[in-house]
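Chemist: Below: one structure in structure tokens.
The values are calculated or read from the model by the stated rules, or taken from the named source; none is laboratory data. Since we're looking at a predicted model, the values are computed, not measured. In this analysis, Cβ positions are derived from the backbone assuming ideal geometry, glycine residues included, and neighbour counts consider all displayed protein chains. What goes into the accessible areas is simple: the full protein's heavy atoms, side chains included, and nothing from ligands, DNA or RNA. Shrake-Rupley method; radii C 1.70, N 1.55, O 1.52, S 1.80 Å.
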Amino acid sequence: MADRGVDLSALPKEVRDQLAELDLELSEGDITQKGYEKKRAKLLAPYIHQMPNVDLSLPDVQLSPGHSADPSPSPEAPGPSTSSASKHHRTHRSGGARDERYRSDIHTEAVQAALAKHKEEKMALPMPTKRRSAFVQSPVDNCTPPDTSSASEDEGSLRRQAALSAALAQSLQSPDYWINRSVQSSSTSSSASSTLSHGEPKTQPQPQPVSALADVLAHTRIENSVPPDVTSSTPQERGSRVDLPPAVRGMSRGQSRSSMLDTADGVPVNSRVSTKIQQLLNTLKRPKRPPLSEFFLDDSEEIVEVPQPDPNTPKPEGRQIIPVKGEPLGVVSNWPPALQAALARWGATQAKSPALTALDITGKPLYTLTYGKLWSRSLKLAYTLLNKLGTKADPVLKPGDRVALVYPNSDPGMFWVAFYGCLLAEVIPVPIESLDPCLSLCGVGLALTSEVCLKGLPKTPSGEIMQFKGWPRMKWVVTDTKYLTKPSKDWQPHIPTANTDTAYIEYKASKEGTVMGVAVSKISMLTHCQALTQACNYCEGETLVNVLDCKKDMGLWHGVLTSVMNRIHTITVPYAVMKACPMSWVQRVHIHKARVALVKCRDLHWAMMAHRDQRDTNLSSIRMLIVADGANPWSVSSCDAFLNVFQSHGLKPEVICPCASSPEALTVAIRRPGARGAPLPARAILSMGGLSHGVIRVNTEDKNSALTVQDVGHVMPGALMCIVKPDGPPQLCKTDEIGEIVLNSRAGGTMYYGLPGVTKNTFEVIPVNQAGAPIGEIPFTRTGLLGFVGPGSLVFVVGKIEGLLMVSSRRHNADDLVATALAVEPVKTVYRGRIAVFSVTVFYDERIVIVAEQRPDASEEDSFQWMSRVLQAIDSIHQVGLYCLALVPANTLPKTPLGGIHICETKQNFLEGNLHPCNILMCPHTCVTNLPKPRQKQPVGVGPASIMVGNLVAGKRIAQAAGRELGVVEDQDLIRKHQFLSEALQWRAQTDPDHVLYVLLNAKGVAVCTATCVQLHKRAEKITAALMERGGLNTGDNVVLLYPPGIDLIAAFYGCLYAGVIPVTVRPPHPQNLAATLPTVRMIIDVSKAACILTTQPLMRILRSREAAASVNVKTWPTIIDTDDLPRKRPPQIYKPPTAEMLAYLDFSVSTTGMLTGVKMSHAAVSTLCRSIKLQCELYSSRQIAICLDPYCGLGFVLWCLSSVYSGHQSILIPPLELESSLPLWLSTLSQYKIRDTFCSYSVMELCTKGLGTQTEILKARGLNLSCVRSCVVIAEERPRLSLTQSFSKLFKDLGLSPRAVSTAFGSRVNLAICLQGTAGPDPSTVYVDMKSLRHDRVRLVERGAPQSLPLMESGTILPGVRVIIVNPETRGPLGDSHLGEIWVNSPHSASGYYTIYGEESLQADHFNTRLSFGEPHTLWARTGYLGFVKRTELLDASGDRHDALFVVGSLDETLELRGLRYHPIDIETSVSRAHRSIAESAVFTWTNLLVVVAELSGSEQEALDLVPLVTNVVLEEHHLIVGVVVIVDPGVIPINSRGEKQRMHLRDSFLADQLDPIYVAYNM
């Protein structure tokens, strides 16, 4: 153990001893760090002159050479015994300022060594970020003082104290030094980034000088040919659509160029977040778990990676075990025929002899019950129960009835009387803890209690006792003496010889939290008392101090039953007294010269802590110190430490007697007191690795992962014991195998009361040999204890079945994990007795979760540091990864009646999201080792012809579909009029001047503005005149139209066409949110190089306002013309384009991936598009349609501005913004105007569904009727949102909405309208697709309700004149029916290209004029950038052919490529939103192979951390992906555009620039 260059082993012995003493003082807080360093330097000074650069400030990583926890140098004691000086020192001081209760130096050393090993690797692990308000801590005053940890449940707390030395603390004080963990290469290639070695020891990782980080990131990208970031569009998929120089793109985020420091990736790095993510990537860099095999083959549908068995796994090699026999049960002549007989005998012959002394809260004797009193009161109670309840003809109790005993622990006398009273009355006592409502008692109709206790019970207002959940109706009987009747002279209780009838029922809680009653027969009770008397050598009249609960388990068996049988004087020390005065039991032993004491490890610790005040205690009277939880593997250190302190007070080493017991088998084994001076039994030092495989191996190599266990003595007298395999048939184990202990004995429980099925599996087990043949007739009882039989037939227990966690077919013991966690310096962070360890099933394996209560004064930093060290320690020592480690505020974990942690309920809360942690660390990357292998794409080397032939051989038709023919326009007039939309308007103004084309409604549903054909024409002319006068424009210049949704926008559009300039419609900036919305306006104006802006007066003022100047440069706007009050002028002439191929307008839109794209629409495309819609929707001048859409781009703009002028129908315009102030506006308009066809967006539909869903009755009462609606089409450029359209249909069905009415449309940038459900054609069909196959770019149709199925709805009927074909985006060859590929479209109304600044011709050709690589090479297609498939259905279309349905799956640009598979964000988001009731909305994106999930929290901030494990679980279960970062934000943070689409890339940019103000950010390790 070198200390920075000083070889300690070479130092003289006395110097080493002094150093050890110093270490101890420091670890116990008796000396300051400064003083420590000073003294240490002084000691070492003479030895280091030869090493000038040694740093003295760090003490050595481990304590002095071998603090063995074992005072007796036993043959297998690990390491030499501690040197005498320090040993002597410890004897006097081990109470320490520190909590010495959990001391196991061996384990402490192991943990230190493990952590020291990690320290060398110095990995930076990002600390979660938390908003200040999210610290929900319970106030200090209502926190339980430390360690009121409880009775039986403290196996978890009886552990060893971690004296982790200060070296560790210093080297680990920054979160930058943490764990080195791995992802299983989370993408096609693991994101091997060059290590960032910049861990400054500060709390927040400081932003690096940007250039350095940029370099690092630049290397990161190149080093391993990582697939390019999915979000900046991937070149190999589709060329970049961004047509802006980086400067402009930067501005779209509302930042000036100067503040955007780009890395190689175009991601801003001057932020907290990206440094953390970089740390996380580093943390996940090197694979540590088993390396993955080659790659995922496409055809295999299996999901889970089955771990291959490791050839080095230890296997049991011994012979088959032979059952172990206990000594025969001796026959003593005067043993009573039944337990009640013993009481009767002592009551008569030894009436003055003391039976029970109870203590008050201060530890002073309260009363002593003599055997005479006990007998007479029990008789009175028995008489009262049998004769004074009910009538002679109809008694309340009959022999064999069950009676609940409800008594507080502090009043043992009342309980004793009640218990023996029931035995004498021949009814069955059922002692219960407290009012634990989960007891569905076994037919108990009567409860006995004391007056005090009854007063404390919760009551109804009428004064009756409350009916407890799951309880039968109960009668309550108070058993205080004054209420009991003296039996009549002639009445004698009936005391039969003990038989197999049930004597009493003892409750136990199972691992699942259910409660079962173990019935103990009269003969078992008696035999058990006899066996205990023989094993413990009890003598008549001895004194016993009992610290255990006398209502159950050892406390009942020794302290109530066996003691009465032997006329022992029992002194009970209740739990409350122990809390107030931990030394009380030792004082009682001293005062009463007690021969036997019955304690738990907890009591040993408490006595040690407090022993300084007691100089004069003497424990030499004790002949047997029974340690009830001695079977707990960690009890050995408590026993040793206690002996160490009290040996000087007369305690003899051989009197410590650990024992093992279980509710089913009662006492299993107990160590008999040894002879004076005989050698103490040996310890077993086992390898943890071996234990996890169920094999006993003496630990030789790595002492860090050793478990030292003490024996629990020999099997009970008269019993027979075997070890059988814990799972499967009860096959006998081999001698070197760990198994479940099973016992055959007359002294065990007989059954689970009322549960015959479970009883058979537990109480009637017949072990079988290797061949599977039963070894005999006699039945054994399963004890629930795991262990083995060692040399000399000594029994060793290593754990309990219920604490067993099976992870990847290895066994881990919950207690062992708690012990390791507690050996990590936890003093400042968590309460020791309050730790829950359990496993949850996630993705086909168990995952370990640890939940602890955090002290109110622990800092964020300390907690995170402690958690990180716990992860390392458990990983090193147990070789198992933790899935989740959570800290909850003090006093918030559910408790069992005795104050321990209720594991089952804690697990339930964890899974339901009700745990409300204040700190959480998830490590799915480490422990999820069974993910499928990442898929590697097959090289695209197959020739087109072979694919083609393959398709045809398989009988698949090529996946293509077409709308009906556009047909020839008959009337030559019409062609002339309709070749240009501007001419159509003029023609309408002449032929039908007063026909109303447009009606605009306000929020009240009032028509605020209408436009007839002639009004629209004249309005357009005025605008044309103004443009020509003031604009100074040339033909073909671009003009931006900046208007709110309305008729002004339409007039301005036609004014531009009349003037021969190109209109560009732009959504106006939001006056309340200029900073976010104005830069986009500026960007479109800059990109389109607009020569002029047409707008309204209010908007013109906004553009020039001081607020606007804060976001953009307002001095450089092009000419602004306001069109509000124009003079009545007509232009000299109206422009007519020379050819139909000339541009009509530009359509700009920001896609969901944050790309701004403008497409060029020619006059020919505009008129064919309008004609196509007219045919599909049967639009004529007599028709009315209602539009509730944003009119700025895509199909929304076409319907709002163009369609009516072409077809002549009347459009009722409803601006979607008006719905915010008047929700029912759209629906009431449909009802009022009896509209047959309406068009809306998803955001409008969602508003109505969420806002009006509960008000359908009120709307109906107002006369709202939607039965007139024939088609309600949602206009979108995405996969149809089936759940939303279905819930809308269901909700408004009551208002007459036909279920067939709702359908969707589909368009894209290259073609604004591909599908639109018209009047003709079959209803849209729905199919169910297997999600696993979608990830592999395949479509597998499954039945409705199949697991992992995704419902997809057809996107509407394909428009006339449109053809679509499904193409493999890589090979560009056509695909077969029901195959997933990119949707390509051929149509006369496709856009004619992108509007670019520096014309990227290659991109134009690629997206707009592409040819198939084979098939029909002459047709020109446009690539939509969406994945989908065509399926021929059974339905017939208008022409009588089978209908081909087009299903859109999602945008290629948006897909996430992870682990070689393709994911659609919406699918992951759907799962996330289902994970917890408080998730309002969610969005996902990737950042360098990490999946980031952003969830909006609609509940209280307390719930924020509950979401982290649930989100991680659901994404792992349903999508087989590990979430890298979970970000919890406020509602409304996820940006959504006007079409209701999530702007995931804006969200990503805000996250990386640290602008989200998240409630919590968790970085999953």
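Chemist: Check off (1) at pLDDT 95 or above; (2) part of a loop (DSSP other than H, G, I, E, B) for residue 1137 and give me the number that stays unchecked.
Modeler: Tallying (1) at pLDDT 95 or above; (2) part of a loop (DSSP other than H, G, I, E, B), residue 1137 fails exactly one: (1).
Chemist: Which of the residues belonging to segment 859-881 are without any contact (Cβ under 8 Å) to a residue 60 or more places away in the chain and part of a loop (DSSP other than H, G, I, E, B)? So that I can check it myself, show each step before the final result.
Modeler: Looking only at segment 859-881, we keep the residues that are without any contact (Cβ under 8 Å) to a residue 60 or more places away in the chain, and these are 859, 862-863, 866-867, 870, 874.
Result: 859, single match.
Chemist: Take segment 1537-1558 and flag every residue that is out of contact with any Ser or Thr (no Cβ under 8 Å at 6 or more places or on another chain), outside any helix (DSSP H, G or I) and either in contact (Cβ under 8 Å) with a residue 40 or more places away in the chain or within 18 Å of residue 1466 (Cα to Cα) (or both).
Modeler: 1557, the sole residue that qualifies.
Chemist: Oh, and also: Out of (1) surrounded by fewer than 22 Cβ atoms within 10 Å (Cβ to Cβ); (2) charged (D, E, K, R); (3) in contact with a Phe, Trp or Tyr (Cβ under 7 Å, 6 or more places away or on another chain), the odd one out for residue 1557 is which?
Modeler: Single failed check for residue 1557: (3).
Chemist: With respect to residue 1036, is the statement that it is in a loop (DSSP other than H, G, I, E, B), touching a residue at least 24 places away in the same chain (Cβ under 8 Å) and in contact with a helix residue (DSSP H, G or I) (Cβ under 8 Å, 6 or more places away or on another chain) true?
Modeler: Numbers: in a loop (DSSP other than H, G, I, E, B): yes; touching a residue at least 24 places away in the same chain (Cβ under 8 Å): yes; in contact with a helix residue (DSSP H, G or I) (Cβ under 8 Å, 6 or more places away or on another chain): no.
Here the answer is no, as residue 1036 does not meet what is asked.
Chemist: Please go through segment 324-354 and give me each residue that is surrounded by fewer than 20 Cβ atoms within 10 Å (Cβ to Cβ) and within 30 Å of residue 768 (Cβ to Cβ), ordered by number.
Modeler: The answer is 324, 325, 327, 328, 329.
Chemist: So, residue 1102, is that one touching a strand residue (DSSP E or B) at 6+ places or on another chain (Cβ under 6 Å) and either of a type in the set (A, V, I, L, M, F, W, C) or without any contact (Cβ under 8 Å) to a residue 60 or more places away in the chain (or both) or not?
Modeler: Details: touching a strand residue (DSSP E or B) at 6+ places or on another chain (Cβ under 6 Å): no; either of a type in the set (A, V, I, L, M, F, W, C) or without any contact (Cβ under 8 Å) to a residue 60 or more places away in the chain (or both): yes.
No; evaluated as a whole, the condition is false for this residue.
Chemist: Condition test on residue 1139, is it more than 17 Å from residue 1055 (Cβ to Cβ), among the hydroxyl-bearing types (Ser, Thr, Tyr) and touching a strand residue (DSSP E or B) at 6+ places or on another chain (Cβ under 8 Å)? It would help to see each step written out before you state the result.
Modeler: Details: more than 17 Å from residue 1055 (Cβ to Cβ): yes; among the hydroxyl-bearing types (Ser, Thr, Tyr): yes; touching a strand residue (DSSP E or B) at 6+ places or on another chain (Cβ under 8 Å): no.
No: the conditions fail for residue 1139.
Chemist: Another question about this same structure. Just to be sure I understand the filter: pairs with C-beta atoms under 9 Å, separated by 6 or more residues or on different chains, first member in segment 755-771 and under 15 Å from residue 665 (Cα atoms) and touching a residue at least 60 places away in the same chain (Cβ under 8 Å), second member surrounded by 12 or more Cβ atoms within 10 Å (Cβ to Cβ) and basic (Lys, Arg). Which pairs pass?
Modeler: Cβ pairs passing all conditions: 762/782; 763/782.
Chemist: Tally up the residues in segment 680-719 that are of a type in the set (A, V, I, L, M) and farther than 17 Å from residue 737 by Cα, please.
Modeler: Looking only at that region, the number is 6.
Every residue, every condition in (1) aromatic (Phe, Trp, Tyr); (2) open to solvent by 20 Å² or more (accessible area, probe 1.4 Å); (3) farther than 18 Å from residue 886 by Cα; (4) part of a helix (DSSP H, G or I), yes or no:
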site: 1477; (1), (2), (3), (4): no, yes, yes, no
site: 1481; (1), (2), (3), (4): no, yes, yes, no
site: 1485; (1), (2), (3), (4): yes, no, yes, no
site: 1493; (1), (2), (3), (4): no, no, yes, no
site: 1496; (1), (2), (3), (4): no, no, yes, no
site: 1499; (1), (2), (3), (4): no, yes, yes, no
site: 1504; (1), (2), (3), (4): no, no, no, yes
site: 1509; (1), (2), (3), (4): no, no, no, yes
site: 1512; (1), (2), (3), (4): no, no, no, yes
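Chemist: Take the residues in segment 874-921 that are of a type in the set (Ser, Thr, Tyr) and closer than 21 Å to residue 514 by Cα; name whichever of them is least open to solvent (accessible area, probe 1.4 Å).
Modeler: Of all residues in segment 874-921, those of a type in the set (Ser, Thr, Tyr) come to 876, 883, 892, 896, 906.
Imposing the further condition that a residue be closer than 21 Å to residue 514 by Cα reduces the set to 896, 906.
Numbers: 896: 25, 906: 0 Å².
Only one residue fits best here, namely 906.
Chemist: Okay, next question. Check segment 380-398 and report whether any residue there is without any contact (Cβ under 8 Å) to a residue 40 or more places away in the chain and surrounded by 17 or more Cβ atoms within 10 Å (Cβ to Cβ).
Modeler: Residues of segment 380-398 that are without any contact (Cβ under 8 Å) to a residue 40 or more places away in the chain, as a first pass: 386, 390-395, 398.
Next cut, surrounded by 17 or more Cβ atoms within 10 Å (Cβ to Cβ) only: 386.
Checked segment 380-398: at least one residue is without any contact (Cβ under 8 Å) to a residue 40 or more places away in the chain and surrounded by 17 or more Cβ atoms within 10 Å (Cβ to Cβ).
Chemist: Restricting to segment 470-512, and then to whatever is surrounded by 12 or more Cβ atoms within 10 Å (Cβ to Cβ) and small (Gly, Ala, Ser), can you tell me which residue is nearest to residue 381 (Cα to Cα)?
Modeler: Taking the candidates together, the pick is 503.
Chemist: Additional query: Could you count how many residues in segment 1338-1367 are of a type in the set (Asp, Glu) and open to solvent by 40 Å² or more (accessible area, probe 1.4 Å)?
Modeler: Kept after step one, since they are of a type in the set (Asp, Glu), are these residues of segment 1338-1367: 1343, 1354.
Now restrict to residues that are open to solvent by 40 Å² or more (accessible area, probe 1.4 Å): 1343.
Total meeting the criteria: 1.
Chemist: How many of the residues in segment 560-607 are over 25 Å from residue 504 (Cβ atoms), in contact with a Gly (Cβ under 6 Å, 6 or more places away or on another chain) and open to solvent by less than 10 Å² (accessible area, probe 1.4 Å)?
Modeler: 2
Chemist: Counting just the residues of segment 1392-1406 that are at pLDDT 85 or above and open to solvent by 10 Å² or more (accessible area, probe 1.4 Å), which one comes out farthest from residue 1142 (Cα to Cα)? Break it down stepwise before answering.
Modeler: Pass one, segment 1392-1406, residues at pLDDT 85 or above: 1392-1395.
Remaining after also requiring open to solvent by 10 Å² or more (accessible area, probe 1.4 Å): 1392, 1395.
Values: 1392: 10, 1395: 14 Å.
Ranking the qualifying residues of segment 1392-1406, first place goes to 1395.
Chemist: Looking at 1382, 1370 in this structure, which one is of a type in the set (Asp, Glu), in contact (Cβ under 8 Å) with a residue 40 or more places away in the chain and open to solvent by less than 20 Å² (accessible area, probe 1.4 Å)?
Modeler: 1382
Chemist: Looking at segment 1167-1180 only, could you name the residues that are in a helix (DSSP H, G or I) and either touching a residue at least 60 places away in the same chain (Cβ under 8 Å) or touching a Pro at 6+ places or on another chain (Cβ under 6 Å) (or both)?
Modeler: Residues of segment 1167-1180 in a helix (DSSP H, G or I): 1167-1177.
The answer is 1167, 1168, 1169, 1170, 1171, 1172, 1173, 1175, 1176, 1177.
Chemist: From the set of residues in segment 725-739 that are under 17 Å from residue 318 (Cα atoms) and of a type in the set (Asp, Glu), which is surrounded by the fewest Cβ atoms within 10 Å (Cβ to Cβ)? Break it down stepwise before answering.
Modeler: Taking segment 725-739 first, the residues under 17 Å from residue 318 (Cα atoms) are 725, 731-739.
Applying the additional criterion that residues be of a type in the set (Asp, Glu) yields 736-737.
Numbers: 736: 19, 737: 21.
Only one residue fits best here, namely 736.
Chemist: Pull up segment 829-858, narrow it to residues that are in a strand (DSSP E or B) and among the aromatic types (Phe, Trp, Tyr), then point me to the one that is farthest from the chain's Cα centre (by Cα). Lay out the reasoning, then the answer.
Modeler: Start the filter on segment 829-858 by keeping residues that are in a strand (DSSP E or B), which leaves 830-842, 845-854.
Checking which are among the aromatic types (Phe, Trp, Tyr) leaves us with 831, 838.
Numbers: 831: 23, 838: 14 Å.
For segment 829-858, the residue satisfying everything is 831.
Chemist: Looking at 1271, 1289, 1325 in this structure, which one is small (Gly, Ala, Ser) and either out of contact with any strand residue (DSSP E or B) (no Cβ under 8 Å at 6 or more places or on another chain) or closer than 25 Å to residue 1168 by Cβ (or both)?
Modeler: Working: 1289 fails: either out of contact with any strand residue (DSSP E or B) (no Cβ under 8 Å at 6 or more places or on another chain) or closer than 25 Å to residue 1168 by Cβ (or both); 1325 fails: either out of contact with any strand residue (DSSP E or B) (no Cβ under 8 Å at 6 or more places or on another chain) or closer than 25 Å to residue 1168 by Cβ (or both).
Answer to the check: 1271.
Chemist: Return the residue satisfying two criteria in turn: it lies in segment 785-819 and is open to solvent by 20 Å² or more (accessible area, probe 1.4 Å) and touching a helix residue (DSSP H, G or I) at 6+ places or on another chain (Cβ under 6 Å), and of such residues it is farthest from residue 842 (Cα to Cα).
Modeler: 815
Chemist: Still on this structure: Against the definition (assigned to a strand (DSSP E or B) and touching a strand residue (DSSP E or B) at 6+ places or on another chain (Cβ under 7 Å)), how does residue 1157 come out, yes or no?
Modeler: Against the criterion (assigned to a strand (DSSP E or B) and touching a strand residue (DSSP E or B) at 6+ places or on another chain (Cβ under 7 Å)), residue 1157 qualifies.
Chemist: When you look at residue 836, is it at pLDDT below 90, closer than 23 Å to residue 907 by Cα, open to solvent by less than 10 Å² (accessible area, probe 1.4 Å) and small (Gly, Ala, Ser), yes or no? Show your work before the answer.
Modeler: Details: at pLDDT below 90: no; closer than 23 Å to residue 907 by Cα: yes; open to solvent by less than 10 Å² (accessible area, probe 1.4 Å): yes; small (Gly, Ala, Ser): yes.
No: the conditions fail for residue 836.
Chemist: Follow-up. Out of all the residues in segment 450-466, which are under 40 Å from the mean Cα position of the chain (by Cα) and open to solvent by 90 Å² or more (accessible area, probe 1.4 Å)?
Modeler: Hits for segment 450-466: nothing passes.
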